[in-house]
1. Looking only at segment C:343-350, decide whether some residue is within 9 Å of another protein chain (Cβ to nearest Cβ), over 17 Å from the mean Cα position of the chain (by Cα), in a loop (DSSP other than H, G, I, E, B) and of a type in the set (Phe, Trp, Tyr).
2. If I ask for residues that are in contact with a strand residue (DSSP E or B) (Cβ under 9 Å, 6 or more places away or on another chain) and away from every other protein chain (no Cβ under 12 Å), which ones from segment A:201-221 would you list?
3. Within segment D:251-297, how many residues are within 11 Å of chain A (Cβ to nearest Cβ), surrounded by fewer than 24 Cβ atoms within 10 Å (Cβ to Cβ) and of a type in the set (S, T, N, Q)?
4. Take the residues in segment B:260-294 that are part of a loop (DSSP other than H, G, I, E, B) and in contact with a Cys (Cβ under 8 Å, 6 or more places away or on another chain); name whichever of them is farthest from residue A:19 (Cα to Cα).
5. Name the single residue, out of those in segment D:170-188 being closer than 17 Å to residue D:238 by Cβ and not in a helix (DSSP H, G or I), that is farthest from the chain's Cα centre (by Cα).
6. Of everything in segment A:234-250 that's under 19 Å from residue D:210 (Cα atoms) and in contact with a helix residue (DSSP H, G or I) (Cβ under 6 Å, 6 or more places away or on another chain), which residue is nearest to the other protein chains (Cβ to nearest Cβ)?
7. Within segment D:48-100, which residues are touching a Gly at 6+ places or on another chain (Cβ under 6 Å) and either part of a loop (DSSP other than H, G, I, E, B) or under 10 Å from residue D:9 (Cβ atoms) (or both)?
8. Taking residue C:198 as the residue in question, decide whether it is facing another protein chain (nearest Cβ under 7 Å), surrounded by 24 or more Cβ atoms within 10 Å (Cβ to Cβ) and over 20 Å from the mean Cα position of the chain (by Cα).
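The values are calculated or read from the model by the stated rules, or taken from the named source; none is laboratory data. Everything quoted here is computed from the prediction, not taken from an experiment. Methodologically, a virtual Cβ is constructed for each residue, glycine included, from the backbone with ideal geometry; neighbour enumeration extends over all protein chains shown.
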Number of protein chains: 4
Amino acid sequence: MSDEKLNIAIVGSSGYTGGELMRILLNHSKVVVTAITSEKSAGKPITSIFPHLAGLTSLVCEPLDPAAVAKKADFIFLALPHVTAQEAAFHFHKLGKKVVDLSADYRLSDPATYETWYEHAHQYPQLLKDAVYGLPELHREKIRNASLIANPGCYPTGAILGLAPLIQTDAVDLGSIIIDSKSGVSGAGRSPSLAHHYPEVNEGLMAYKIGTHRHTPEIEQELSALAGKQITLSFTPHLVPMNRGILTTIYAEPLSPTVTAQIHALFHEFYKEAPFVRLLPIGQFPNVRNVRGSNFCDIGVYADPRTGRAVIVTAIDNLVKGASGQAIQNMNLMMGFNEAEGLRCAGIFP
Amino acid sequence: MSDEKLNIAIVGSSGYTGGELMRILLNHSKVVVTAITSEKSAGKPITSIFPHLAGLTSLVCEPLDPAAVAKKADFIFLALPHVTAQEAAFHFHKLGKKVVDLSADYRLSDPATYETWYEHAHQYPQLLKDAVYGLPELHREKIRNASLIANPGCYPTGAILGLAPLIQTDAVDLGSIIIDSKSGVSGAGRSPSLAHHYPEVNEGLMAYKIGTHRHTPEIEQELSALAGKQITLSFTPHLVPMNRGILTTIYAEPLSPTVTAQIHALFHEFYKEAPFVRLLPIGQFPNVRNVRGSNFCDIGVYADPRTGRAVIVTAIDNLVKGASGQAIQNMNLMMGFNEAEGLRCAGIFP
Amino acid sequence: MSDEKLNIAIVGSSGYTGGELMRILLNHSKVVVTAITSEKSAGKPITSIFPHLAGLTSLVCEPLDPAAVAKKADFIFLALPHVTAQEAAFHFHKLGKKVVDLSADYRLSDPATYETWYEHAHQYPQLLKDAVYGLPELHREKIRNASLIANPGCYPTGAILGLAPLIQTDAVDLGSIIIDSKSGVSGAGRSPSLAHHYPEVNEGLMAYKIGTHRHTPEIEQELSALAGKQITLSFTPHLVPMNRGILTTIYAEPLSPTVTAQIHALFHEFYKEAPFVRLLPIGQFPNVRNVRGSNFCDIGVYADPRTGRAVIVTAIDNLVKGASGQAIQNMNLMMGFNEAEGLRCAGIFP
Amino acid sequence: MSDEKLNIAIVGSSGYTGGELMRILLNHSKVVVTAITSEKSAGKPITSIFPHLAGLTSLVCEPLDPAAVAKKADFIFLALPHVTAQEAAFHFHKLGKKVVDLSADYRLSDPATYETWYEHAHQYPQLLKDAVYGLPELHREKIRNASLIANPGCYPTGAILGLAPLIQTDAVDLGSIIIDSKSGVSGAGRSPSLAHHYPEVNEGLMAYKIGTHRHTPEIEQELSALAGKQITLSFTPHLVPMNRGILTTIYAEPLSPTVTAQIHALFHEFYKEAPFVRLLPIGQFPNVRNVRGSNFCDIGVYADPRTGRAVIVTAIDNLVKGASGQAIQNMNLMMGFNEAEGLRCAGIFP
């Protein structure tokens, strides 16, 4: 059955992004998942960890042994915690496998920046040079030729997509950027903690890690590259009582007086070939409910005539366009499949 | 593009079941939706009503004119309110179209029962005789040959699937049946009301229409037919603060002392050919989160050694297996497609 | 400041019931909390554990040393895990203090039953004999004279209050009782676990511990005592995505044909002196949202003319009438205060 | 019973702010509610509209007849929609009653600004001059002597309290202010609409009325007055799936390099006498869950060393400090009661 399909391994399959990779890949016509690993669930069927997959797969988790996994699969998704993923990526890369790493380990091109923000040294700076930041809307061609993809973080995906058209066209003051993001709780992962215990989160709302969240340098790196000069920006994440979704509200000051139609046109031009960006008509703004379970990024734009500021709002599903869906979009590009293969689905509403 | 595909019309497309039909049919390989109707949204694109479908369809709502719709489509889903659907079904049937009616109008085979519970006379008792109750797990063969399907109610789907194996095998006292159901809010439809206003529902929980809900005679009709004698049972619906899902907890007294393994075996036998029933291993019970967005019905069974009672728990997504997914399952059977075509997807978790 | 007020200690103050005791007692005119204990938070202000109390108290947690605590307080609330509470109750009792134990340790009068269901031997069977089950609606006079109160469990409170009037008047078949309960997540306590991790619970719904929940023998003990004979009943708890509240739906078969007005009259008579039971008018049923944060138990009753069954629905806040509020109601009775002192507040809606 | 207590009327009692006034006033030692009005519920007990108040009040709604109400009460809370409140305030004022108006009608001192944003002319510009903006932390002394209070909007309360210390001390660039607010759904009122229908809101998140929300001129008016010059700022409201709470994240650029401790000191000084502002320790940020049901405004401050920006976060309960609680705080000041009378309660957590 897998003769003509690409054989896939999901390394680190017990977290939410692992489950989401399985869910989407089960309906992908060009691939078959042939191996899944989980240290703590080795020997157990994946359906014991994710009962929603029952009846659709009989895969059993195995411990992470790169050589053994490499025999079963030619394409590797790493859904491991950061730091851990460094070495796994190295091994699979050395074994000649194409790799999409969903962790943060290969996203920051400067190892010193990585060490500053993640408090661990990077063990594979050589490999880091080969890694491509996997945001297809910015790096589609480089992704096609890459063998190691650093899949973007959830917040950076929503933030960068909302700013790239403005930065690339020199439309805004680079010192004026403020990104106020609001995320559902699945973004915090599947490990239980008091901070994400149901009664602590439900009917609650807070900002956290103000100015210090690890996704900040990732956003700055990508936007600085687009701008051709260093950007320092404000990023504030918030935790919202919902399972999925990130809404990002972005403020920036145009360098010259601007009306909404101009901003809209910039975005339209920038994303005209992007199959997963839906630019909303002028006057409409996105809602995370409309992207739930889908790979879309919805964007609404506004130029405020009172203050002169541009306000951009983006909505993604943090587990799909913000993680596993984007990883599959990257795989599609790397393998020469249609970019939207397996991802051309509506989200679930309500 | 629609040359070789079945042309479909969705009549009444602005409610949640209409939106869900669209979402699922967009990924169905054998059909194409060619017409959608909505009185209040005539002239508007469906994506203005359901922005989560943006980028996937450009269909525009039209008013309900059976002759005009019949020219565009050969298979009709009726997602209209009850009473209204009576006439629409009649017209499309007369025009030679196959119809799946998602309303309650053709579910109760006795027009007098319909009139008692729905407080309207049935205008088409002749057509009522031709209608087949569209629960594939009970009536698969009749559905294949039907031209008018009465698609089951959401509560009845979860209740009947949890009782059929016990009733068919004469395993329980027919006078002992109690069905305690808990539904998410989308089951109440998309029309705003104080009872379903967000702050009234969230962090709330209540029983409603105790002993008087209109789905009661529907459950009794199907189970009585299986039993070969009239069953009167207790049914209590509850409203739970979540979007989707019905969990049904069923109590019945076995006619002879029974252990869980016996009940489990009965269910296994009964559902061994059913692609959308997932009987859980002994000791496990379903959670609506595992069927969210999918057409599965998960079932767990238990024989309580202390009380002697059987306790069965079923979980469905009220909009999928409890409405639109089941409607498409019925279409698949009526058209000779694979029963699971377009429906073989995992739900979305979390 | 505490000269004329009763000095109170809360032993085990870091869980939800501990926090709720603090919240309510801060507005109780006759008492002052003078000591709070928490092993893991010893040395920290209570407001670091419960920031909602900031500005209202400066109490600091201390480790549990019964002799030290006894010097500071004359009345003790134990909000410890079961098993742990056994010994604490013993020590404070020996030191001459009045104690309300919110754990399960002194609820089951038969130590063998305790050992069967809680899998630990009871170390203080003599003291167990002195403990009074603290459900004021059943045992008001005994509570007034008690020195050790076993505060009822959350599920038993809602279940017993919904059945006591029927049992005491021999109105129903004792073998027919089914209790289907639905609880918010705070009932599971404040310790993080995968089962109560936000994305696992939100938009989910399940039954658990069917027929085996530890509150079962507690309900049976109290109802059996009322009946004068042993009752064995079905009890099914469910987990609902909300913070607070238990809705209990009860089914029982009247011994003779009964109409709703008769049942309503029984309940009216039984609870006519109970300040915290609100019997709803015929035709109305309770919603947990109406008791959120309050000590009320709302009750609705129905005699189903179709099946002959009685259906009773009760709603409580599991942390108030189901735990801390009831504990304070018991203290009021034990100390000769007005039964409703500090508890005569509306819940918070919405 | 009301002999020595202040007699209160709540005009417009069927909305959430009306219900919240009742809830809080029931535990206020100095007042008694003697009249409540509701056009659509005239003749019905308030407990039929708000069942959570059952057992605590037997008040019956009456139609709004100012003369009749004025005979029963000496202090009037207006919880009417805007425009409607204009005339009611005028009549009660003319009858010599003290009035707190919870609507927007008397908040904007310039009638032209009112007309621009509310699209109705102001009929009582003379009375408008007498109205005092009821934010005690800014206008405590004027409130004590006022006879008509314009109770602040929910968003403005959270926004102004988070900016006042910075503005008053000339600490920030007045052109740099961005206010990103996130509100629970009760802020939208109790009238059902599709936008606030449960399944549309739950698991959703959106910005709305970007740059055009009516609370914008109210925030600007108060801050401009503090600054002594006109401020134009960005304000973006968001709708969050929770019942209560507003979290406001504020960005502003200090005029000179600033560290967090300096900002913290400014806030400490500004609010040292304010009984309902809780300034959090450096490094902590507020969560709406900690103010739920209470009159507190929690504030956290941060000076970002990377960007130089100040980030302030405030949390209030929109129905309490953002509406009814603040109205009662104003009444306390107007009547010479203790400012915190009836409001010195912890919120409900979880």
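1. yes
2. A:215, A:218, A:219, A:221
3. 2
4. Taking the candidates together, the pick is B:276.
5. Once the filter is applied, the top-ranked residue is D:178.
6. For segment A:234-250, the residue satisfying everything is A:247.
7. D:50, D:79, D:80
8. Judged against the criteria, residue C:198 is a match.
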